[in-house]
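Q: Sharing a structure below in structure tokens format, with a few things to ask.
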Amino acid sequence: EREPEYGPAWSALATLHCQMYVFDAPGFVDPLETGLDYANRGVFLEPGRQLSRLILAYASLLGGSFDTFREEAEVTLALNPNNPYAVGTVGYMHVLLGDFEEGCRLLDAATAHNPLHPRWFHNGYFLDRFHQEDYQGAFESMTAPDENDFWQPGLLAAALGKLDRADEAAGFVASLLERQPDFPQRARDLLRRSIKVESLVDDLVDGFRRAGVPIPGV
């Protein structure tokens, strides 16, 4: 209210709304649409700020505007190709879109330059290996599950399900259902919010079922 022309604040709000959409947090009306609006406003006010361009790339990817995502991702990297957080985040987003080779190349560069990279970078490696049907490699690529994030225990459960190790997956399934009780009924919708590769969504759903998540359907 006091600084309506301060672009970084709009970009920060955009990130919040995008994350609330991905993690299905209650209490947000149209979080993705709001996130896209705020991300565009942040870039309009601060077009040369790398983080603002990165956030617009993310919001565009979630919203299905893939050409805009690729344009903003290129601008993000051009503004500072030596920022490992930005490089790794762009790489992760490329994986979500199915650009696995480019995504992992960028993730490799980011993790090599910053050993203390965000743990969720490993989600990108997980999805790449899962896509290759290397389910053991996918499982081993993940770090310990976050205490609040329902996605990490869920992904670990899916990998173990594909490996026919449902007994080992039981704890991860319980954690997933505790954190997101309606996951079985909404699995595909929640997966598609981030993952834009339908064959990968199908394979993950099969892994969840085989791990013991009671997802309806064949």
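The values are calculated or read from the model by the stated rules, or taken from the named source; none is laboratory data. Just so we're clear, the structure is a prediction, and the values are computed from it rather than from any experiment. For neighbour counting, all protein chains shown are included, and Cβ atoms are generated from backbone atoms with ideal geometry for every residue, glycine included. Surface areas here come from the heavy atoms of the whole protein model, side chains and all, with no ligands, DNA or RNA. Shrake-Rupley method; radii C 1.70, N 1.55, O 1.52, S 1.80 Å.
Residue-wise test of (1) farther than 26 Å from F172 by Cα; (2) within 14 Å of the chain's Cα centre (by Cα); (3) buried (at least 18 other Cβ atoms within 10 Å of the Cβ).
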residue	(1), (2), (3)
P47	yes, no, no
F66	yes, no, no
A73	yes, no, yes
E102	yes, no, no
R105	yes, no, no
N114	yes, no, no
R119	no, yes, no
H122	no, yes, yes
F130	no, no, yes
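Q: If a residue must be under 20 Å from E133 (Cα atoms) and among the polar types (S, T, N, Q), how many such residues does the range 97-123 contain?
A: Of the residues in that region, 1 qualify.
Q: When only residues in the range 21-45 that are part of a loop (DSSP other than H, G, I, E, B) and of a type outside the set (A, V, I, L, M) count, which is nearest to the chain's Cα centre (by Cα)?
A: F23
Q: Let me ask something else about it. Of all residues in the range 132-151, how many are of a type outside the set (D, E, K, R), under 18 Å from L107 (Cα atoms) and open to solvent by 10 Å² or more (accessible area, probe 1.4 Å)?
A: Final tally of qualifying residues: 6.
Q: Of everything in the range 49-64, what is surrounded by 24 or more Cβ atoms within 10 Å (Cβ to Cβ) and either at positive phi or without any contact (Cβ under 8 Å) to a residue 24 or more places away in the chain (or both)? Give them in sequence order.
A: Answer for the range 49-64, where residues must be surrounded by 24 or more Cβ atoms within 10 Å (Cβ to Cβ) and either at positive phi or without any contact (Cβ under 8 Å) to a residue 24 or more places away in the chain (or both): there is none.
Q: Which of the residues belonging to the range 18-45 are surrounded by fewer than 23 Cβ atoms within 10 Å (Cβ to Cβ), under 17 Å from M93 (Cα atoms) and not hydrophobic (A, V, I, L, M, F, W, C)?
A: Q19, Y21 - these are the residues of the range 18-45 that are surrounded by fewer than 23 Cβ atoms within 10 Å (Cβ to Cβ), under 17 Å from M93 (Cα atoms) and not hydrophobic (A, V, I, L, M, F, W, C).
Q: Okay, moving on. Give the number of residues within the range 106-163 that are part of a helix (DSSP H, G or I) and β-branched (V, I, T).
A: 1
Q: Is there a residue in the range 117-138 that is more than 18 Å from S194 (Cβ to Cβ) and hydrophobic (A, V, I, L, M, F, W, C)?
A: no
Q: Same structure, new question: Looking at the range 75-86, which of its residues are open to solvent by less than 10 Å² (accessible area, probe 1.4 Å) and within 15 Å of the chain's Cα centre (by Cα)?
A: Listed by number, the list holds a single entry, A86.
Q: Name the residues in the range 159-194 that are under 11 Å from D24 (Cβ atoms) and touching a Pro at 6+ places or on another chain (Cβ under 9 Å), would you?
A: R179
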